[in-house]
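Asker: If you scroll down you'll find the structure; I have some questions about it.
The values are calculated or read from the model by the stated rules, or taken from the named source; none is laboratory data. A quick note: this is a predicted structure, and the numbers were derived from the prediction, not measured. Cβ placement follows ideal geometry from the backbone for every residue including glycine, while neighbour counts extend to all protein chains displayed.
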Amino acid sequence: MMGLQGVRAALAGLALLALWGCGSMPATVANQPVVEPKPAAIGAAYRLGAGDKLLVNVFNEPELSGPVVVDGRGMVSLPLVGEVAAQGSTVADFRARVRDALSQGFLNDPQVVVEVMNFRPYYILGEIEKPGEYAYVEGMTVMNAVASAGGFTYRANKRTVFIKRAGEPDEQRVDLTSGLLVGPGDTVRIGERFF
Amino acid sequence: MVHFNKTAWFVAALCSASGLAMWGGEAGAQEQSYFERDRNISVEERWEGRTSDIYLRFGAFAVSPQLEAAAGYDSNVFAQSDNETSDVLARLRPRVDVRSLWSRHALNASAYVEREEYASEDSESGEEYGAALSGRLDVSRGLRIEAGAGYDRFREDRGNISTPLGAAERVEADLVNASLAGVYETGRARLRLAAAVLDFDYDDTPAIGGGVIDQDLRDFQLTEISGRAEYALSPALAAFVGASGNWRDYDQVDPFVGTRDSQGAVIDAGLNFDITAVVRGEIAAGLLEQSYDAPGASDVTGLSLAGLVEWFPTGLTTVRFEAERGVSDNGVFGSFGTEYDFAAVRVDHELLRNTILSARTSYRQEDLLGLNREDDRIEAGFGARYALGERGVMFADYRYADQDSSDPSGLSSWSDHNGELGLAWRF
């Protein structure tokens, strides 16, 4: 069994590595404090769903680490523990669930880091030149999405947009502003104008 | 009285062409023309573009047969000042267009027949028909020659000022036309020279109560020669100067006014523009002079105006403004010509991709030269078109026309309501 101090030091290094945009951070020195890894970059409130691609890192267990995908049933398959539910969970909740699963007869106090590698695509349709499915990028706005889809058609209503958020049953009509965000799994519909 | 010599005009045009062709900035190939006016697309252009790919292919030619059928109502069939006669009518118009699919050069042809059948007023029933042939020869990247010829058999509307008041039937005539034009473009300069000949041959028409109204006095030949030199200040704006001459030669001498022959010229300057998402068009102003050979006839001189501007307030609406001032001919006994002013506004709105709403109004004032008579005509109307898939169009149209004439008899003032509902199909 590894010493507690060494474990803490290694955990600190992994935590730093998990920080967004800090991939080049070198391995930490043994005495640096543990930093709670940041949740998924788009915010702690992000809910996982089918199609999300996650990176699960279990400290000192390379066989248990690696990329995984949330399948259509909202489950993630992991070595040893099998399927773990991810649909509708925050990244923090999922991480805790994985840690708990590994703790039950497999590892002693496993240190788990989860980050989202690729988000679910979003969908855009309606009065758009190229409707379809597009890869989500963090911080994407509806205007970004429209640009990615070739721009508005000449009949597009540029004042309001209809968005069905991932996990919600109905679309909502929203004023189209420059800061209106798109989320992974969202369906954006650009309406038609008549005048 | 000024006379305009056709030969002199031809020589002057050729010299101008040579001179301007040597000027104008960089010669040789230009990837993009400074005179393209395609930054905006009007509602009408978009509507016509729906069916541009629908045709029958025969080798390198696209053949587009069409059939249009309509039922209509006319509240004043004979354009009478009182005791108006109304009637309903059916109209059938088959048409075929042929165009080449070549990458260079072009050859186009068209032919049509239109039959109108009035339910009660059989005298107004009749047909019109015509055919046209046109071509374009792309000599080089900057030089092209355009030519065309056509024949039309047409019937004058009862509201035409030249229609004799005592005519039992609508006046029919033949129009034969031919044109030739050369366009040379180099860098920011463009030169266009054109010539056209139109020959009008009017048939005598039966008179109410018997007899025949001679219309041969109206037979004439119109020859036009024009030239225009343009310079592009930017890809969206060009300035131009132009000149045109016209010669009107009548076959017979009018016993009332003498010879109706005349010659005239217009010299103008203007702007041609296409400002993205805002407005495009052309406006020109200049001087016109028309010299009449009739004894005692004074020359007409004055301002020449011509303008056609399209405004795009939204991508779904096009507003079209048109204005013109010039001289023309008429067949009114005692008059040797017409000086006119014309203005019109038309609004097209694309309510849906397959539905167009339109509204229009126009005003035309005609001063009949040689007579103490001025006619003012106001027209207004609205309509709708609805596409039935790719090939069919249902249309409805209403037009109101009101003519107020200073003719002392009062017979030339009238008003008329016209309505039409129809279907057009492209095969």
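Asker: Find all pairs meeting these conditions: Cβ atoms under 6 angstrom apart; at least six residues apart or on different chains; first residue within region B:193-216 and on the phi > 0 side of the Ramachandran plot and at pLDDT 95 or above; second residue among the acidic types (Asp, Glu) and assigned to a strand (DSSP E or B).
Answerer: none
Asker: Looking only at region B:95-110, decide whether some residue is surrounded by fewer than 15 Cβ atoms within 10 Å (Cβ to Cβ), at pLDDT 95 or above and in a strand (DSSP E or B).
Answerer: no
Asker: So is B:Val176 part of a strand (DSSP E or B), of a type in the set (Val, Ile, Thr) and closer than 21 Å to B:Leu101 by Cβ or not?
Answerer: no
Asker: Anything in region A:72-102 that is touching an Asp or Glu at 6+ places or on another chain (Cβ under 7 Å) and free of Cβ contacts under 8 Å to residues at least 12 places away in the same chain? List them, or say none.
Answerer: A:Ser77
Asker: Regarding B:Arg325, is this residue more than 14 Å from every other protein chain (Cβ to nearest Cβ) and either buried (at least 16 other Cβ atoms within 10 Å of the Cβ) or in contact with a helix residue (DSSP H, G or I) (Cβ under 8 Å, 6 or more places away or on another chain) (or both)?
Answerer: Here the answer is yes, as B:Arg325 does meet what is asked.
Asker: Just wondering, is there one or more residues in region A:137-150 that are away from chain B (no Cβ under 14 Å), closer than 30 Å to A:Phe59 by Cβ and not charged (D, E, K, R)?
Answerer: Looking for residues that are away from chain B (no Cβ under 14 Å), closer than 30 Å to A:Phe59 by Cβ and not charged (D, E, K, R), one finds at least one in region A:137-150, hence yes.
Asker: On to the next question. How about region B:299-309: which of its residues are crowded, with 17+ Cβ neighbours inside 10 Å and in contact (Cβ under 8 Å) with a residue 60 or more places away in the chain?
Answerer: B:Val300
So that you can scan it fast, the table gives a plain yes or no per residue for (1) aromatic (Phe, Trp, Tyr); (2) buried (at least 19 other Cβ atoms within 10 Å of the Cβ); (3) within 14 Å of another protein chain (Cβ to nearest Cβ):
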position	(1), (2), (3)
B:Val278	no, no, no
B:Ser291	no, no, no
B:Ala297	no, yes, no
B:Trp311	yes, no, no
B:Thr314	no, no, yes
B:Phe321	yes, no, no
B:Ala343	no, no, no
B:Glu350	no, yes, yes
B:Ile356	no, yes, yes
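Quick grid of which residues meet (1) over 25 Å from the mean Cα position of the chain (by Cα); (2) hydrophobic (A, V, I, L, M, F, W, C):
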{"site": "B:Ala69", "(1), (2)": "no, yes"}
{"site": "B:Ser75", "(1), (2)": "yes, no"}
{"site": "B:Phe78", "(1), (2)": "no, yes"}
{"site": "B:Glu84", "(1), (2)": "yes, no"}
{"site": "B:Pro94", "(1), (2)": "no, no"}
{"site": "B:Leu107", "(1), (2)": "no, yes"}
{"site": "B:Ala111", "(1), (2)": "no, yes"}
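For every residue, the table says whether it meets (1) out of contact with any Cys (no Cβ under 7 Å at 6 or more places or on another chain); (2) within 14 Å of chain B (Cβ to nearest Cβ); (3) among the aliphatic types (A, V, I, L, M); (4) buried (at least 17 other Cβ atoms within 10 Å of the Cβ).
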{"site": "A:Val84", "(1), (2), (3), (4)": "yes, no, yes, yes"}
{"site": "A:Ala96", "(1), (2), (3), (4)": "yes, no, yes, no"}
{"site": "A:Gly105", "(1), (2), (3), (4)": "yes, no, no, no"}
{"site": "A:Val116", "(1), (2), (3), (4)": "yes, no, yes, yes"}
{"site": "A:Gly126", "(1), (2), (3), (4)": "yes, yes, no, yes"}
{"site": "A:Lys130", "(1), (2), (3), (4)": "yes, no, no, no"}
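Asker: Does B:Ala111 meet the test of being under 30 Å from B:Phe333 (Cα atoms) and among the hydrophobic types (A, V, I, L, M, F, W, C)?
Answerer: No; evaluated as a whole, the condition is false for this residue.
Asker: Name the single residue, out of those in region B:241-276 being aromatic (Phe, Trp, Tyr) and in contact with a Phe, Trp or Tyr (Cβ under 6 Å, 6 or more places away or on another chain), that is nearest to B:Asp219 (Cα to Cα).
Answerer: This residue is B:Tyr250.
Asker: Moving on to the next point. Among the numbered criteria (1) touching a Leu at 6+ places or on another chain (Cβ under 9 Å); (2) charged (D, E, K, R); (3) part of a helix (DSSP H, G or I), which one does A:Glu115 miss?
Answerer: If we test A:Glu115 against (1) touching a Leu at 6+ places or on another chain (Cβ under 9 Å); (2) charged (D, E, K, R); (3) part of a helix (DSSP H, G or I), just (3) comes out false.
Asker: So in region B:137-173, with the set limited to residues that are touching a Leu at 6+ places or on another chain (Cβ under 9 Å) and assigned to a loop (DSSP other than H, G, I, E, B), which one is farthest from B:Ser409 (Cα to Cα)?
Answerer: Among residues in region B:137-173 that are touching a Leu at 6+ places or on another chain (Cβ under 9 Å) and assigned to a loop (DSSP other than H, G, I, E, B), the one farthest from B:Ser409 (Cα to Cα) is B:Ile161.
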